[in-house]
Amino acid sequence: MRVTPEVMARYEAVIGLEVHAQLDTVTKAFCGCSTNFGDAPNSNTCPVCLGLPGALPVLNKRALELAMRASLAINCTIQERSRFARKNYFYPDLPKGYQISMYELPLATGGWIDIDVEGEKKRIGVTRLHMEDDAGKSLHEGFADSDRWSYIDFNRCGVPLIEIVSEPDLRAPAEAYAYLNALKQILEYTEVSDCNMEEGSLRCDANVSVRPRGAPKFGIKAEVKNLNSFRYLSHALEYEIERQIGVLESGGTMVQETRLWNVAAGRTEPMRSKEFAHDYRYFPDPDLLPVAVSAVQIEQARKAMPELPDAKTARFLHDYGITPYDAGVLTATRALGDYFEAVVRAGAPAKPAANWVAGELLRRLKDAGQDILACPLPAAALAELIVKVENDEITAASGKKVFAKMFETGKSAADVIAAEGFSQISDAGAIERIAREVVKKNPDNVAKFKSGNEGVFKFFVGQVMRETRGQANPQLVNEVVKRILSE
């Protein structure tokens with residue numbers, strides 16, 4: 001049933017997210033097989049990740065280091081002792097018949113992430129972070145029952161993951177979106193994961209329930225599985241919240257279940273009744289020793305921590321004097337922040353550099369479908385252009401044209417300016433000759449100006465700039481035109 005805004009307002013959503021992130025390691029969690037994405041199906045497998053009898057797993061040290069780094073970055077307390085368990089369930093792409101995960105003794109607990117909600121900070125609790133390995137991938141083709149085939153690619157089996165479980169502190173799809181975005185940014189900054197959602201490096205399950213606004217008790221939740229984009233997360237939560245309110249308003253009863261987001265239909269659909277811990281028959285993995293983390297290891301992980309997004313934003317505001325908006329844009333990714341700082345180190349003033357990087361450069365990259373890591377314009381080359389504009393060697397308008405040529409050709413600012421004749425005209429005599437010619441051709445507008453219509457002043461300035469192809473010094477043009485019209 002469709003629910004009116006008035007009815008929706010009487011309820012409150014309660015949302016918690018379970019985020020799985022693939023750790024950025026070269027090899028798998030418990031064996032030496034490659035984690036490379038896109039290799040031929042079933043080419044990166046061995047007896048360990050296939051769970052063959054007699055094969056013994058060994059924990060990847062690098063995976064543990066990255067999991068510890070992620071734990072510290074989201075303000076969790078790393079436990080001195082954690083333990084892997086077997087999570088038993090049966091699915092075609094899980095050859096072992098169980099997943100290696102952590103249950104009652106996770107790696108880290110009790111953290112938080114601060115998010116921005118309509119200009120205000122809100123702290124979202126993190127219940128736990130634990131390590132586990134991934135399952136394989138089922139591939140399906142064909143539609144008719146007589147011509148339908150399913151295949152299994154086991155390359156992902158054993159790929160190292162961390163699962164980050166939030167507290168049920170989120171109250172709206174927009175908050176869930178902000179939380180996932182903040183977590184993704186942290187994981188990318190710390191180089192824990194590449195967070196490539198298209199390749200499955202970042203996946204999200206959402207637990208959502210509704211309750212009458214102000215009620216102390218949570219409602220019965222549904223888990224929405226495998227939301228692999230920010231847009232799908234928002235749409236699925238919006239649909240599910242309205243669906244649950246509709247069920248309650250019509251006198252129905254919610255049941256705890258797992259649902260899938262049907263992208264084509266734009267709705268969540270039942271998948272299975274929700275499992276509980278006892279359904280998985282957890283027990284300590286007999287082939288893996290407990291994980292013991294010393295205070296020395298934790299301190300080493302803390303010292304190796306790269307600068308985090310909030311710290312970088314604060315530093316940009318303090319050191320470069322740029323606006324909060326520009327600081328937010330420039331620190332959206334670690335690579336973009338590094339590029340901006342490289343432009344400043346190459347000699348460009350900070351504020352103009354921020355304007356160029358956050359404006360022209362990002363716009364051009366977006367139009368080209370490129371990421372900052374694939375930017376064809378070196379930071380030093382952009383700095384050279386910015387310095388020429390700031391020193392009035394070329395106008396700002398010409399600078400944008402030069403920038404476009406540099407981006408397309410890879411040529412330096414000096415080469416483009418020389419080839420295209422973009423040098424700024426600062427010869428007062430030359431500008432005056434052009435201005436007098438423009439004034440002579442427009443006696444009617446001269447009369448309007450002398451009768452008190454100062455708005456036509458911009459017309460004369462524009463005509464002079466047009467005659468000089470935008471290369472005349474704007475300040476000088478204004479001074480000369482004003483003097484001529486006042487004679």
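The values are calculated or read from the model by the stated rules, or taken from the named source; none is laboratory data. Since this is a predicted model, take the numbers as computed values, not measurements. Note that we place each Cβ from the backbone using ideal geometry, even for glycine, and neighbour counts take in every protein chain shown.
See the values below:
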item	result
Sole residue being part of a helix (DSSP H, G or I) and in contact (Cβ under 8 Å) with a residue 40 or more places away in the chain, chosen from 386, 394	386
Hits in the range 1-11 - residues which are surrounded by fewer than 19 Cβ atoms within 10 Å (Cβ to Cβ) and closer than 28 Å to residue 183 by Cβ	8
The lone exception for residue 140 - which of (1) under 18 Å from the mean Cα position of the chain (by Cα); (2) at pLDDT below 95 it fails	(1)
Odd one out for residue 304 among (1) at positive phi; (2) modelled with pLDDT under 95	(1)
Selection from the range 362-403 of residues that are under 20 Å from residue 335 (Cα atoms) and surrounded by fewer than 17 Cβ atoms within 10 Å (Cβ to Cβ)	363, 366, 367, 368, 369, 370, 371, 373, 374, 376, 378, 380
Within the range 22-62, tally of residues that are closer than 17 Å to residue 130 by Cα, among the polar types (S, T, N, Q) and not in a loop (DSSP other than H, G, I, E, B)	1
Whichever residue in the range 213-268 is outside any helix (DSSP H, G or I) and of a type in the set (Phe, Trp, Tyr) and, among such residues, is farthest from the chain's Cα centre (by Cα)	218
Residue check for residue 451: farther than 23 Å from residue 394 by Cα, surrounded by fewer than 18 Cβ atoms within 10 Å (Cβ to Cβ), at pLDDT below 70 and of a type in the set (Gly, Ala, Ser)	yes
Conditions (1) within 30 Å of residue 10 (Cβ to Cβ); (2) modelled with pLDDT of 95 or more; (3) out of contact with any Phe, Trp or Tyr (no Cβ under 7 Å at 6 or more places or on another chain); number of the one not met by residue 214	(2)
Candidate set: the range 59-97, residues that are modelled with pLDDT of 95 or more and of a type in the set (Ser, Thr, Tyr); chosen: the one surrounded by the most Cβ atoms within 10 Å (Cβ to Cβ)	71
Options 310, 326: the member that is in contact (Cβ under 8 Å) with a residue 40 or more places away in the chain and charged (D, E, K, R)	310
Test set (1) out of contact with any Phe, Trp or Tyr (no Cβ under 8 Å at 6 or more places or on another chain); (2) part of a loop (DSSP other than H, G, I, E, B); (3) surrounded by 15 or more Cβ atoms within 10 Å (Cβ to Cβ); (4) in contact (Cβ under 8 Å) with a residue 40 or more places away in the chain - residue 288 fails condition number	(1)
Residue that is nearest to the chain's Cα centre (by Cα) [pool: residues in the range 63-90 that are of a type in the set (S, T, N, Q) and not in a helix (DSSP H, G or I)]	75
Among the residues listed as 134, 194, the single one being of a type in the set (Asp, Glu), in contact (Cβ under 8 Å) with a residue 40 or more places away in the chain and touching a Leu at 6+ places or on another chain (Cβ under 7 Å)	134
